[in-house]
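What follows is a set of notes on a single structure, which appears directly below.
Nothing in this text is a laboratory measurement; each read-out follows from the coordinates by a stated rule. Note that this is a predicted model, so its numbers are computed, not measured. No Cβ is skipped: glycine too gets one built from the backbone with ideal geometry, and neighbour counts run over all protein chains shown.
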Amino acid sequence: MAKRAPNATVCLLSALQAHGLTTELPAAVWLMIDRKGRPPAIHAVAIELVRASGHARAHGVEARTVDGVHVRLTTPAKTVADCFRYRKRVGLDVALAALRDYLRRYRGGRDALVAAAQADRIWPLMRPYVEALC
């Protein structure tokens with residue numbers, strides 16, 4: 001799939017699973033593409049697309065090599081921020097569970113979470129949840 005969509009970034013529920021922040025198996029592969037980008041033509045698996053541009057798309061993306069294939073994946077902090085940004089698509093309960101798991105697993109990662117939330121322009125919404133769970 002990464003060969004068919006080299007500019008796409010694995011995000012949201014798929015990235016949560018890759019980072020071990022959820023026990024749920026996503027029904028589709030979640031990909032982030034450029035706001036004006038063309039959707040990838042992949043028919044073998046179900047795909048859910050989200051669009052972003054600028055700093056919100058570029059911030060918090062890491063590169064991994066899986067079976068010799070270069071894969072772009074959002075970092076754990078960016079993944080949690082994206083769950084809040086796209087909460088109407090994934091559900092607020094999923095975003096809150098991801099935040100709870102992130103804060104348990106990455107105790108010193110609050111600064112990275114704040115930076116990712118500010119890049120997504122979602123920090124004012126996330127701030128009360130983060131302060132309540134810290």
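As a footprinting exposure proxy, order Trp30, Trp123 by other Cβ within 10 Å, with the fewest listed first. Please list the in-between numbers first.
Values: Trp30 27, Trp123 17.
So the residues, fewest neighbours to most, are Trp123, Trp30.
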Zone residues, segment 65-99, relative to Ala41, backbone N less than 16 Å from point 7 Å out along Cα-to-Cβ
none
On Cα atoms only, tilt of 123-133 relative to the major axis of the chain in degrees:
60 degrees
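Using just the helices of the chain, give the 222 nm mean residue ellipticity in deg cm²/dmol: DSSP H runs with n ≥ 4 each add -39,500 (n - 2.57), and the total is spread over all residues, rounded to 500. Walk me through the numbers on the way to the answer.
Numbers: 7 runs with 60 residues, N = 134.
Helix contribution divided over all residues of the chain: -12500 deg cm²/dmol.
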Computed over the chain: longest principal axis from alpha-carbon atoms vs helix 76-85 long axis, angle to nearest 10 degrees, is 90 degrees
Does anyone have the angle between helix 92-105 and the longest principal axis of the chain? Alpha-carbon axes, 0 to 90°, nearest 10?
70 degrees
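What translational diffusion coefficient, to the nearest whole µm²/s, does the chain have by Stokes-Einstein, given a Kirkwood radius computed over alpha-carbon pairs, a temperature of 25 °C and 0.890 mPa s viscosity? All intermediate terms of the calculation are to be shown ahead of the outcome.
Details: Rh = 14.9 Å.
Translational D for this selection: 165 µm²/s.
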Which residues does the label zone of Leu92 cover in segment 102-134, counting backbone N under 14 Å from a point 7 Å along Cα→Cβ?
125-130
Using DSSP, restrict attention to beta bridges with both residues in the chain and report what percent are antiparallel, rounded to the nearest 5.
55 percent
